[in-house]
Structures are given as C-alpha cells and as structure tokens.
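**Q** Take this structure, written in structure tokens, and hold onto it; I'll ask about it next.
The values are calculated or read from the model by the stated rules, or taken from the named source; none is laboratory data. Quantities reported herein were computed from a predicted structural model and do not represent experimental measurements. Cβ atoms come from the backbone with ideal geometry, glycine included; neighbour counts cover every protein chain shown.
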Amino acid sequence: MAEEISREVEFEPGVQEPFVDGFNFKTILAALFIGFIMLPGSIYLALITGGGLGGAAQWVTVILLVEIAKRSFVQLKRQEVYIVYILAGSLVSAGLVLGAAGLTLQGGAFSDLIWKQYLVQSPYAKSFGLLEHIPSWAVPPAGSDALVRRTFLARAWVVPILLLIVHNVLFRINHLSLGYVLFRITSDYEKLPFPMAPVASEGATALAEVSGKQETWRWRIFSIAAMIGVIFGAFYVVIPTITGLLMTTPLQLLPIPWVDFTAQIGTVLPSAMLGFVTDLGTLFAGFVLPFWVVVGTFIGSVLGRTFGDPILHKFGVVTDWQPGMTAIPTNVVTTMNFWINATIAGGIVVAIIGIWKMVVAFRSGQKREATKLSVPADRGDYPLPVAMALWFLSTLVYVVICHILVPAFPVGLFIFFGFILTPFLSYTSARMFGITGVATGISFPYVREAAFILSGYKGADIWFAPVPYFNHGGTAQGFKQLELTRTRFTSWYKSEFASLVIMLFCSFLFWSIIWRMNPIPSSAYPFVQKMWPMSAMFQCLWATSTLPEAGTPWMIKAIKLKYILSSGAVYAAIYGLSVLFRWPIAMFYGLVGGVGQMPHYSIPMFAGALLGRFYFSRKVGPNWKKYTPILMAGYACGMGLIGMLSIAVALIAKTIYQLVF
C-alpha cells in the first residue's frame, strides 16, 4: 500500500498560491454547531474523566462538517477548513489553567467561576482560614443566595462575570498582537522551520480535497491513520467508558495513561523514573518531529530522570524520595529538589541564545532581506508598531485593573510580569516551537507564586487577580499554520472574536444547566469529586501563604540559585560543544526540553523516530516526511471520533439512569 501511494504522489511545485480569507457565513454556522453541540460534550467529559475533548475535538468537528458539506453539495476551501479547525480549538478547548492548584479546567470561560464557587465553599477554605479573605469581586461569599441556588443569575455575580468578560477580550488582543510580533521575528526574520505546523495545515488540505470530491493521496493517508485511531480508540477509550457504566472499576486492556516501572526500578536505582505512555499519539509525534530533536529529548529525559536522579539522590540533592514511590510522586519530589532549577536555567539559556542570534541577524543586514522576501502583500500583515502598541495598551489595562483590585500589591511587579516576563517567556517558547515543534520545559515554574510571597504583600486578593503573566509562544506557530494554508491573518482575528461571543454565551448556558442539575463536585461527576478537593487544598495553601500569620512556603525553598547557575553553565557548555564539533543544534534544543519531561513520553517518541527514520523512510521513500503530518492529524481525528461515540453512550446512559432511579 505504501509503495502504491508513493508512486501516485505528485507534490506541488514551489508555486505560492494567493492568500484567501477563510472567515465567512459558513464558518459562523460551524462555530454555532461547535458551541451548541460540541461544547456540552466537552464539559461533560471533563467532569467525568478530567480529559475533555482536547485537540481531538478539532478534527472531529472538521470532519463532521466536511461530510455535511459534501451531502449539501457545498465545497469547503482549505482556508475555511482551517478556520473551522481554529474555531473548534477556541470554543471546545478553551478553559483555565490553574498553576497553583495543579488543575486544568475546560468548557469555556465560565469554568473559572464554577471552580471558584467550589473553592469558596470547600472545607479547606474554612479550615485554612482563607474563607474571609476571598474577595467578593472574584466569587460571591459562601452561603450567598447565588451559590445556594446554584445560579449565575444573581446580583452577586455581576462584578465577577464582568471581570471575566473583560479578561477574555483583553487576552485575545494581547495574545494575537504579541503572537504576531513573535511570528514575524521567528519565521520571517530567523527563518525557523516550525516542524509541527504542517500537521494542521496538511490535515486541512486533505479534508478540503474531500469536500471538493477530489480525493488524492492526502485523503488516503488521512483515512488510513484515522482508521488506526478508531481501532486503537475502541480498545483504549470505548471499553473503559462502557465498562465504567456497568462496573465499579472500568476494564482497561491497556493501562491509562502509562505503564510505570518507577516503583520497581527504585529498588536498584533510587528515585529513578521509567515507563512509557500507552497512547499511540506519542509514537506518531516521533514520526513528525525532527529526528535530532527527538534524540535530544530522549537523551535529556532518560539521562536526567532515569540515570541522573539516582546520582543526585546519592549526593544528597534529592532528599525527599521514599522507596515505593510511583511516577507522579517521584516526579514531584525530584522536580522540587532539583529539576525545577534546571528547567528555569534551560529557559534562560535558550532565550539568551535566541536574542543573541536575532541581534546578529539584524546587524548583518538579514532583516531587510527577510522583510522583502517574506511578507506577501495579501497575507494580512499590518505594521509591527501597531501590533506592539496593541499589546502595550492591553497589558497596561491589565496592570491598571490589577492595581485597582489589589492596591496594596507593588505595581512594579504587575509591570514586570506584563512588560518583561511575558514577552521574554513568550519569545523563548516561540523559538522552541520554531525549532522543535513543542515548547516542553520552557517555563519558569511558580515564578508567579514566588513573586507574590516575596513581595511582602499581606492578603489573599492577589491570588484571584488577572495578573498579566502569559506565554504566547504557541501563537507564533498558529500564524505559521495560517501561512502554510494560505489563509489571510485577518481571518483569525475575525474568527477569534466571533468565537468569543459564541463561547461566552454557550459556556454560560451549559454550565448553568449542568450546575443546576447537580452540585459540582458531586457523585454525579466522579473525576471532579476525586480531584478537585486536592486541587482546592493546594490553592488554599498557596493563597494563605501571603496572610500575616503564614510561614515560609516549601516552594520557595525549592528554588536555589546555585542549581540554576550550575545548570545554566552545563547548558552553555553543551551548546558550545555543539557549535564547536558541529553537532546538530536541534539536538541541543531537544535536550533542553527533554530535561523537563518524564521518560514515559520520550521513550515512545524516540521509538517512533527510529521507526520513521530507519524503517518507514526506507520502505516508503523520500515522500515519507510528506506523509507524517497527515498521519498524525488523521490519527487524532480517528481517536476523536471514537471519543465522541463514547461521550454519546455515556450521556444516554446517564440520562436513562436518572430517569429510572
């Protein structure tokens, strides 16, 4: 089959198509479909399993709409397909990441308020002495009529909802403007390849061809990968879901999410981590990512977390590990004892290298050449000073709002987060996306929390304020995908704000309905009932750390300057050796990202890279790299389709159960 497809492939010559606007009435209808059909399924799945629909929902939505379009004799352009893909991600996957609580919420903007209504009513808020310190502009007080009746239609919710809407508008302006600047720097000026960008663009192209009833090699490969996803998902997703409705303990033919040998290997190598994830998606990622990036990731992860941790344990650096610990507690203690510092050092070194390279490129005159060659007239670009001004103004509004809400907190720290740390971290991540395809490990863990504690501020309001600390590095890759699909950038701007209106309404509507049905958490939602109390405990621990009676938090003790400096020196030495001996620079960046990654992910990814380079590329031929993005997109679509089937069965079963009993 592979040889047959390879013979049929006729790749397009290097002729650049014109850029086309992908936002129109058809995409608005698609957004309404996503908001009213897909969003409630994502909310329900997140409450039941904690996973939501995630990125797979984008391909599920796109393929369903393509099939509807075919039967309606309507052809979708590649640009329209990709804008629908963006809309699905913005609507279904939109949520909130709570770094302090270790929790990711899905289901649109109002998931934030659902979390806060539980936090203020949780036993931890009272037992830790936080209850009276939670501001009313974040959530109504415990015992208020709005929380007792479980409704957003109450006066106490007016200010929290208004702040929520303002934050969502400002955030979109902030990430689109700064993301555009980062794209111009990393793609137009630095010419970084963005290896993962073709996954979405090639998938959109394949589905657009199907919409036009011109099924080419792309669709055949997409279909093969989708069937792999469906078959694997039947064992990985459907069986646990169905058996979970019938039995107390679901039947898992494959352990979810991984097979873990950490506890066993710990008897020989104390604090070492070893295992592998059971989702084939990680293997497919090894096909797509550059080979030397995956090699570096594997080296950094396995040498650091499997063989490096026992050495650190022997020399007294890793002190909190105990025999019998599995992957998650081992990862927590080793990260807090050492690797949090190495991760911070890696982010700083990568950023310094990127800034140095950019300065050299500008001084050598490459800036003018890149500008002439890389900015098509119809791409939808606008002047960089305008983008910088929009980002500056939106960040300034964030600073003003935070100062009004928390006047006792040093305003200089708001400025530091918004105007210094956010662009620094975003540029670092954008470079990692541009070089490796992912930004794993490029972050400054808990720097926000550390700043709050070390600021001298006394109170809890700051933990609920919309502090302008963001990472917009992934947005640069989004612009690269627009460029690859020949979609005008203005399409993204229009779709983002159209989806914002739909998302706010649908999120409000469906969270209101689900909240009225049962308290959240409750036995009706097993995942949140199990996990939210633990997250609430961590949130309360952090929030009470700035109260007058609080002591020194253990997190601050974990960050040690000597480890950051020593790790940074090692990274700099490895980079210097890579340049001196002409080793692949991509391997260095992969190594930096791999240090912050569990071996459970890097091992199957490395296996995929080896299979792709030494087996499939030889069997299929030079066109193998053209297939890999479509294979990964098709697999995600197949897993998403089977996941939607599981959600439908679970919803029907839940409804029948409530009606009968």
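**Q** I'd like the full set of residues that are of a type outside the set (S, T, N, Q) and either in a loop (DSSP other than H, G, I, E, B) or under 20 Å from the mean Cα position of the chain (by Cα) (or both), limited to the stretch 294-319.
**A** 294, 315, 316, 317, 318, listed by residue number.
**Q** Go through (1) crowded, with 16+ Cβ neighbours inside 10 Å; (2) under 30 Å from residue 225 (Cα atoms) and name the single condition residue 304 misses.
**A** Tallying (1) crowded, with 16+ Cβ neighbours inside 10 Å; (2) under 30 Å from residue 225 (Cα atoms), residue 304 fails exactly one: (2).
**Q** Kindly evaluate residue 203 against the criterion of being assigned to a helix (DSSP H, G or I), out of contact with any strand residue (DSSP E or B) (no Cβ under 8 Å at 6 or more places or on another chain), crowded, with 20+ Cβ neighbours inside 10 Å and at pLDDT 85 or above.
**A** Spelling it out, it is not the case that residue 203 is assigned to a helix (DSSP H, G or I), out of contact with any strand residue (DSSP E or B) (no Cβ under 8 Å at 6 or more places or on another chain), crowded, with 20+ Cβ neighbours inside 10 Å and at pLDDT 85 or above.
**Q** Moving to a separate point now. Within the stretch 277-299, how many residues turn out to be at pLDDT below 90, small (Gly, Ala, Ser) and touching a Leu at 6+ places or on another chain (Cβ under 9 Å)?
**A** 1
**Q** Name the helices (runs of 4 or more DSSP H) wholly within the stretch 100-185 that hold at least 3 residues that are over 29 Å from residue 87 (Cα atoms) and touching a Ser or Thr at 6+ places or on another chain (Cβ under 8 Å)?
**A** It comes to none.
**Q** Looking at (1) surrounded by fewer than 24 Cβ atoms within 10 Å (Cβ to Cβ); (2) within 23 Å of residue 334 (Cβ to Cβ), find the lone condition where residue 593 falls short.
**A** (1)
**Q** What are the residue pairs meeting all of these: first residue in the stretch 131-144, first residue at negative phi, second residue of a type in the set (Lys, Arg), Cβ atoms under 7 Å, and 6 or more apart or on different chains?
**A** What qualifies is 138/116; 139/116.
**Q** Scan the stretch 317-327 and give yes if some residue there is surrounded by fewer than 22 Cβ atoms within 10 Å (Cβ to Cβ) and within 27 Å of residue 233 (Cα to Cα), otherwise no.
**A** For the stretch 317-327, residues surrounded by fewer than 22 Cβ atoms within 10 Å (Cβ to Cβ) and within 27 Å of residue 233 (Cα to Cα): present.
**Q** When you look at residue 142, is it modelled with pLDDT under 85 and of a type in the set (Gly, Ala, Ser), yes or no? Write out each step before concluding.
**A** Details: modelled with pLDDT under 85: yes; of a type in the set (Gly, Ala, Ser): yes.
So residue 142 passes the test.
**Q** Test residue 60 against the stated conditions and say whether it is at pLDDT 70 or above, surrounded by 23 or more Cβ atoms within 10 Å (Cβ to Cβ), touching a helix residue (DSSP H, G or I) at 6+ places or on another chain (Cβ under 7 Å) and within 17 Å of residue 219 (Cα to Cα).
**A** Details: at pLDDT 70 or above: no; surrounded by 23 or more Cβ atoms within 10 Å (Cβ to Cβ): yes; touching a helix residue (DSSP H, G or I) at 6+ places or on another chain (Cβ under 7 Å): yes; within 17 Å of residue 219 (Cα to Cα): yes.
Considered against the rule, which asks whether it is at pLDDT 70 or above, surrounded by 23 or more Cβ atoms within 10 Å (Cβ to Cβ), touching a helix residue (DSSP H, G or I) at 6+ places or on another chain (Cβ under 7 Å) and within 17 Å of residue 219 (Cα to Cα), residue 60 comes out as no.
**Q** Just to be sure before I move on: is residue 452 crowded, with 19+ Cβ neighbours inside 10 Å, part of a helix (DSSP H, G or I), more than 23 Å from the chain's Cα centre (by Cα) and not basic (Lys, Arg) in the structure I sent?
**A** yes
**Q** Could you list, in sequence order, the residues of the stretch 577-586 that are of a type outside the set (S, T, N, Q) and more than 23 Å from the chain's Cα centre (by Cα)?
**A** 577, 579, 580, 581, 582, 583, 584, 585 - these are the residues of the stretch 577-586 that are of a type outside the set (S, T, N, Q) and more than 23 Å from the chain's Cα centre (by Cα).
**Q** I've got another one for you. Residue check: is residue 611 touching a helix residue (DSSP H, G or I) at 6+ places or on another chain (Cβ under 8 Å), modelled with pLDDT of 75 or more and part of a helix (DSSP H, G or I)?
**A** yes
**Q** A further question follows. Mind listing just one residue for me: the one in the stretch 600-639 that is within 19 Å of the chain's Cα centre (by Cα) and closer than 22 Å to residue 273 by Cα and, of those, surrounded by the fewest Cβ atoms within 10 Å (Cβ to Cβ)?
**A** Among residues in the stretch 600-639 that are within 19 Å of the chain's Cα centre (by Cα) and closer than 22 Å to residue 273 by Cα, the one surrounded by the fewest Cβ atoms within 10 Å (Cβ to Cβ) is 601.
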